[in-house]
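Peer 1: Here it is: the structure, laid out below.
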Amino acid sequence: MRKNSGDMEIALEVQQPRLRAVPATETARPQLDASDPSDADLLARVGEHDREAFEILYGRYVRPVFSLALRKLHDRGHAEDAVQEAFAAIWRSASTYRPERGAAGGWLYTVARNAIVDRLRRNGPATDAELPELVSGERDPSQQAEDSEVSWRVHRALEELQPREREVIELAYWSGMSQSEVAGYLGLPLGTVKTRTRSGLAKLADVLEGELL
Amino acid sequence: MTHEPNFDELIGTEATSEERERLHHAHDLLVQAGPPPELPPSLQKAPSFGVFSLHQRRVVKRRALVLLAAALSVAVVFFAGYAVRGGGSSAKAPHPVVALSLKGTSALPQAQATLQVWKARDGNWPMTLSVVGLPKLANHGYYEVYLVRNGHPWGLCGSFRGAGSSTALTVTLNAPYSLHKGDSWVVTRPTASGSEPGRTVLSPVSA
């Protein structure tokens with residue numbers, strides 16, 4: 001194996017997860033609407049190696065998968081690799097998904113979790129330096145598993161919101177700003193922020209009630 | 001991150017008790033879930049794993065033919081200029097960051113290949129695999145290229161179909177990972193049991 005090491009970018013840096021206090025304006029995928037294909041439809045198409053379907057599915061799930069990987073691996077670089085492996089596994093095994101056996105979201109969660117656990121095993125035990133700010137020593141494994149599932153569901157559901165709704169929800173919950181401050185930050189009337197927050201929360205409730213994981 | 005928004009401030013007082021309960025459930029889940037992480041640049045775009053559907057492969061094939069024609073045109077112009085000027089330097093030709101020779105294992109001893117890994121773009125390492133001696137697999141089966149780390153297949157870099165035992169084939173693949181010193185690659189084919197990765201059919205030639 002010959003390497004031109006001068007050109008080779010070796011990425012070994014260990015970084016702690018950087019949580020987003022203010023939402024980015026970018027969206028990794030187009031906003032969904034009622035005409036969008038279901039996850040099950042997309043999986044069927046991915047099973048036939050349909051690249052477009054894979055990209056849509058990726059847009060819907062990359063954030064939940066990355067979030068899950070960060071929770072379990074506590075290392076950003078490893079988590080990025082685990083995400084790639086999870087989607088490689090989805091690409092490879094989508095044709096084995098059977099809708100009659102359960103919701104597509106549950107199947108995707110299982111495949112992603114397995115890929116992440118495989119990555120965890122290959123990495124070996126985490127060093128002290130990698131140990132987590134995200135997992136408290138007081139939470140037992142079942143609670144941690146529940147947290148992971150809740151994060152998966154909520155982060156997936158957030159992808160269903162209009163960008164303007166998601167923006168105010170993320171600012172309201174994770175920026176530390178009051179509604180008035182959010183309004184000032186976005187340059188919007190307070191009433192508009194309240195309306196968007198409430199409609200976003202209502203839509204989240206709909207999505208979270210309707211899905212089975 | 002410890003700030004928890006005031007539910008009443010968010011929702012106001014106009015909602016019915018039933019609606020408030022429903023929204024409160026979503027509120028509680030949001031608080032429990034915490035914020036989604038910001039995606040790094042390497043995850044902004046879906047990775048490519050090599051085999052597309054038939055329709056898309058036709059599109060890709062057409063594009064590839066157009067690109068090939070363009071590349072040939074450029075090559076003709078380049079070599080014409082080269083001939084007129086009586087020679088030149090190849091210093092600007094791109095160099096792979098990794099170049100690897102592979103040989104067939106006992107499963108396919110006649111197979112051989114070269115693998116070139118090019119400079120990464122947005123966390124993706126494009127790779128060119130030129131191979132000869134890989135037969136077509138039954139049932140439209142495909143070979144897979146794995147990144148090998150610490151002696152074990154570690155990450156899928158793409159898949160492709162064999163062109164026949166005596167036909168040369170060049171495919172473009174991608175390693176969407178952070179590469180480490182000592183990384184290598186192998187080509188595998190599926191096993192009857194369907195386990196992943198399959199049996200290694202091409203492995204690096206020892207230095």
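The values are calculated or read from the model by the stated rules, or taken from the named source; none is laboratory data. Not measured: the values here are computed from a predicted model. Because the Cβ atoms are built from the backbone with ideal geometry, glycine has one as well, and the counts that use them run over all protein chains shown.
Peer 1: Select from region A:70-87 the residues that are within 7 Å of chain B (Cβ to nearest Cβ) and hydrophobic (A, V, I, L, M, F, W, C) and write down the one among them that is surrounded by the most Cβ atoms within 10 Å (Cβ to Cβ).
Peer 2: It comes out as A:83.
Peer 1: I'm told residue A:170 meets every condition in (1) facing chain B (nearest Cβ under 10 Å); (2) within 18 Å of residue B:21 (Cα to Cα) except one. Can you identify the failing condition by its number?
Peer 2: (2)
Peer 1: Scan (1) at pLDDT below 55; (2) more than 18 Å from residue B:180 (Cα to Cα); (3) facing another protein chain (nearest Cβ under 7 Å) for the single condition residue A:7 breaks and write down its number.
Peer 2: Failing condition for residue A:7: (2).
Peer 1: Looking at region B:157-168, can you tell me whether even one residue there is assigned by TED's automatic domain parsing to the domain that holds residue B:108, closer than 23 Å to residue A:86 by Cα and surrounded by fewer than 18 Cβ atoms within 10 Å (Cβ to Cβ)? Working first, answer last.
Peer 2: Within region B:157-168, the first condition is being assigned by TED's automatic domain parsing to the domain that holds residue B:108, and the residues that meet it are B:157-168.
When the remaining residues are screened for being closer than 23 Å to residue A:86 by Cα, the result is B:157-161.
So of that shortlist, the ones also surrounded by fewer than 18 Cβ atoms within 10 Å (Cβ to Cβ) come out as B:161.
Yes.
Peer 1: I'd like the full set of residues that are in a helix (DSSP H, G or I) and charged (D, E, K, R), limited to region A:82-111.
Peer 2: A:85, A:92, A:100, A:101
Peer 1: How about region B:4-30: which of its residues are touching a Phe, Trp or Tyr at 6+ places or on another chain (Cβ under 7 Å) and within 7 Å of chain A (Cβ to nearest Cβ)?
Peer 2: B:5, B:27, B:30
Peer 1: Can you confirm whether region A:106-113 contains a residue that is of a type in the set (Lys, Arg), modelled with pLDDT of 90 or more and either out of contact with any helix residue (DSSP H, G or I) (no Cβ under 6 Å at 6 or more places or on another chain) or on the phi < 0 side of the Ramachandran plot (or both)?
Peer 2: yes
Peer 1: So which of B:161, B:149, B:199 is within 9 Å of another protein chain (Cβ to nearest Cβ) and of a type in the set (Lys, Arg)? Steps first, answer last, please.
Peer 2: On the way: B:161 fails: within 9 Å of another protein chain (Cβ to nearest Cβ); B:199 fails: within 9 Å of another protein chain (Cβ to nearest Cβ).
That would be B:149, the only listed residue that is within 9 Å of another protein chain (Cβ to nearest Cβ) and of a type in the set (Lys, Arg).
Peer 1: If a residue must be facing chain B (nearest Cβ under 9 Å) and either on the phi > 0 side of the Ramachandran plot or in a helix (DSSP H, G or I) (or both), how many such residues does region A:46-55 contain? Even if it seems obvious, please write down each step before you answer.
Peer 2: First pass over region A:46-55, keeping only residues facing chain B (nearest Cβ under 9 Å): A:48-55.
In the following step, the residues that additionally are either on the phi > 0 side of the Ramachandran plot or in a helix (DSSP H, G or I) (or both) were identified as A:49, A:51-55.
Here the count works out to 6.
Peer 1: With respect to residue A:172, determine if the residue is in a helix (DSSP H, G or I), among the aliphatic types (A, V, I, L, M), at pLDDT 85 or above and over 18 Å from the mean Cα position of the chain (by Cα).
Peer 2: For residue A:172, the condition - in a helix (DSSP H, G or I), among the aliphatic types (A, V, I, L, M), at pLDDT 85 or above and over 18 Å from the mean Cα position of the chain (by Cα) - is met.
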